[in-house]
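Have a look at the structure below before the remarks.
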2 protein chains.
Amino acid sequence: MTVERAPEQDLPYDVFSKACPSRGTLEHVTGRWGALTLGALHEGSLRFNELRRRVDGVSEKMLSQTLHALERDGLVLREAQPTNPPRVDYELTPLGHEVAERLLALIRHLEGRMDDVLAARERYDEIRGGR
Amino acid sequence: MTVERAPEQDLPYDVFSKACPSRGTLEHVTGRWGALTLGALHEGSLRFNELRRRVDGVSEKMLSQTLHALERDGLVLREAQPTNPPRVDYELTPLGHEVAERLLALIRHLEGRMDDVLAARERYDEIRGGR
DNA sequence: CCGTATCCGAGATGATACTG
DNA sequence: CAGTATCATCTCGGATACGG
């Protein structure tokens, strides 16, 4: 199949270029933990340890690191309350929600088609797997 | 903001679970090179070296590896013609196109909002950067 | 509760050379 | 052209310990 190539728009940011900063942000968003963190926060604000439980398997270190990167990119808002014990809530910014929606559309679609993916893998492994 | 949590559907695949195979596929799709490869192929079929030029910065090895993973997941079709010199075309399967569309929606949205992201970074670094 | 600091191994990545 | 093989490197990520 050949899809009509969209007329070249000269967008200022092109993720296909090595040097474009959008590539870095895409990696934060789609990275192993970034995607799951955004997905979790799209449902509502969560505290650090709630988030950790929701994103099954993430370590404290990686969650902390992921949150910092997303906060720096303006996708996540960190709200610390000066209480004791400390309470910190994380939530998405409006931009974060826009991004998370598109990410979740991808994730849900993939989840819905996993049977096909798994079937494709079996076929592939049957033919090439023995090698 | 708190969004109403969607009623728990018991989907068979939940990417938030550590053990779910959908998480692995999500990583193939959104990985550093997987996302760009799918994005490039959504416009039409490409040969190996065409792809390599389009996905700026990818090495032969990583492109090869990425293509194998996507082919195995049933997202990419590899068509080799037994000519000399060899000619191999890569294209997306229907499922691959579905996934790529959602991925491109994310990418384009991000590209369109990079000014906001960059501005957020400057604000963040001004406050916390010195530390 | 909410993190940061440090160490260390595994896997990702890149450069180069080589094959059909 | 279309890859594979090998090796060096380097970052990611987990475990642990510690601090506010």
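Residue-wise test of (1) modelled with pLDDT of 95 or more; (2) open to solvent by less than 70 Å² (accessible area, probe 1.4 Å).
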{"site": "B:PRO7", "(1), (2)": "no, no"}
{"site": "B:LEU46", "(1), (2)": "yes, yes"}
{"site": "B:GLU50", "(1), (2)": "yes, no"}
{"site": "B:LEU67", "(1), (2)": "yes, yes"}
{"site": "B:GLU79", "(1), (2)": "yes, no"}
{"site": "B:GLU91", "(1), (2)": "yes, yes"}
Of those in region B:10-28 that are more than 7 Å from chain A (Cβ to nearest Cβ) and open to solvent by less than 50 Å² (accessible area, probe 1.4 Å), the residue farthest from A:LEU106 (Cα to Cα) is B:CYS20
Checked against (1) within 11 Å of DNA strand D (Cβ to nearest atom); (2) crowded, with 21+ Cβ neighbours inside 10 Å; (3) not acidic (Asp, Glu), B:GLY74 satisfies every condition except (1)
Over region A:18-58, the set of residues within 13 Å of DNA strand D (Cβ to nearest atom) and over 15 Å from B:GLY31 (Cβ atoms) is A:THR37, A:ARG47, A:PHE48, A:ASN49, A:ARG52, A:VAL55, A:ASP56, A:GLY57, A:VAL58
Filtering region B:81-131 down to residues that are more than 24 Å from A:LEU118 (Cα to Cα) and in contact with a Leu (Cβ under 7 Å, 6 or more places away or on another chain) yields B:LEU106, B:ILE107, B:LEU110, B:GLU111, B:ARG113, B:ASP116
If you go through region A:116-126 one residue at a time, do you hit one that is of a type in the set (Gly, Ala, Ser) and over 28 Å from B:LEU70 (Cβ atoms)? no
Note: among A:ASP73, A:ASP125, A:ASP115, just one is within 12 Å of another protein chain (Cβ to nearest Cβ) and at pLDDT below 95, namely A:ASP125
Looking at the structure I just gave you, is B:ARG123 open to solvent by 50 Å² or more (accessible area, probe 1.4 Å) and in contact with a Gly (Cβ under 9 Å, 6 or more places away or on another chain)? yes
Selection from region A:98-111 of residues in contact (Cβ under 8 Å) with a residue 40 or more places away in the chain and either at positive phi or open to solvent by 20 Å² or more (accessible area, probe 1.4 Å) (or both) yields A:GLU101
* Restrict the check to region B:76-94 and report whether at least one residue is closer than 18 Å to A:LEU36 by Cα and not charged (D, E, K, R). => no
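The values are calculated or read from the model by the stated rules, or taken from the named source; none is laboratory data. Here the structure is a predicted model, which means the values were calculated and not measured. All Cβ positions, glycine included, derive from the backbone under ideal geometry; neighbour counts span all protein chains shown. Keep in mind that these areas ignore ligands, DNA and RNA; they rest on the heavy atoms of the full protein, side chains included. Shrake-Rupley method; radii C 1.70, N 1.55, O 1.52, S 1.80 Å.
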